[in-house]
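*Asks:* Structure provided below as structure tokens; questions to follow.
The values are calculated or read from the model by the stated rules, or taken from the named source; none is laboratory data. Quantities reported herein were computed from a predicted structural model and do not represent experimental measurements. Don't worry about glycine lacking a Cβ; one is built from the backbone with ideal geometry, like all the others, and counts go over all protein chains shown.
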Amino acid sequence: MRIRTPADLGALIRDRRIKLALDQQSLARKVGVSRQWIVEVEKGKARAEIGLLLRTIDALGIQLMTEEDVPGKKRQTAPEVDIDSIVAAARGDRK
């Protein structure tokens, strides 16, 4: 699942919690937050503290991956850039 918004992350947390047969209070205790905090995150709270979010996804056994971590996916590298040439061209080769 690709996470693009706080609502996407909240849905992932809720779905995983339900699959693990945890209620919101049990997850809150496990993470060390209030049940209300879990409710807000599952609704897509935009300003949730990153440390608490990381503890929550860890408690649920969710692993974060980048696109480069996906098996069979080739990593794209950026072409090399000669910054000196760009600067020289911008200056009009003034020395």
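*Asks:* As an exercise: evaluate Asp8 against (1) surrounded by fewer than 15 Cβ atoms within 10 Å (Cβ to Cβ); (2) outside any helix (DSSP H, G or I) and give the number of the one condition it does not meet.
*Replies:* For Asp8, the failing item is (2).
*Asks:* Continuing with this model, one more query. Give the residues of the range 28-55 that are in a loop (DSSP other than H, G, I, E, B), hydrophobic (A, V, I, L, M, F, W, C) and more than 20 Å from Met1 (Cβ to Cβ), sorted by residue number.
*Replies:* Residue satisfying the conditions is Val33 alone.
*Asks:* Let me ask something else. Quick check on Glu68: is it assigned to a helix (DSSP H, G or I), modelled with pLDDT under 95 and surrounded by fewer than 15 Cβ atoms within 10 Å (Cβ to Cβ)? Even if it seems obvious, please write down each step before you answer.
*Replies:* Details: assigned to a helix (DSSP H, G or I): yes; modelled with pLDDT under 95: yes; surrounded by fewer than 15 Cβ atoms within 10 Å (Cβ to Cβ): yes.
In short, yes.
*Asks:* Please enumerate the residues belonging to the range 11-27 that are among the aliphatic types (A, V, I, L, M) and not in a loop (DSSP other than H, G, I, E, B). Reasoning before the result, please.
*Replies:* Step one: of the range 11-27, the residues among the aliphatic types (A, V, I, L, M) are 11-13, 18, 20-22, 27.
Hits for the range 11-27 are Ala11, Leu12, Ile13, Ile18, Leu27.
*Asks:* Could you grab me the full set of residues in the range 11-52 that are surrounded by 13 or more Cβ atoms within 10 Å (Cβ to Cβ), closer than 23 Å to Glu67 by Cα and out of contact with any helix residue (DSSP H, G or I) (no Cβ under 7 Å at 6 or more places or on another chain)?
*Replies:* Scanning the range 11-52 gives Ala11, Leu12, Asp15, Arg16.
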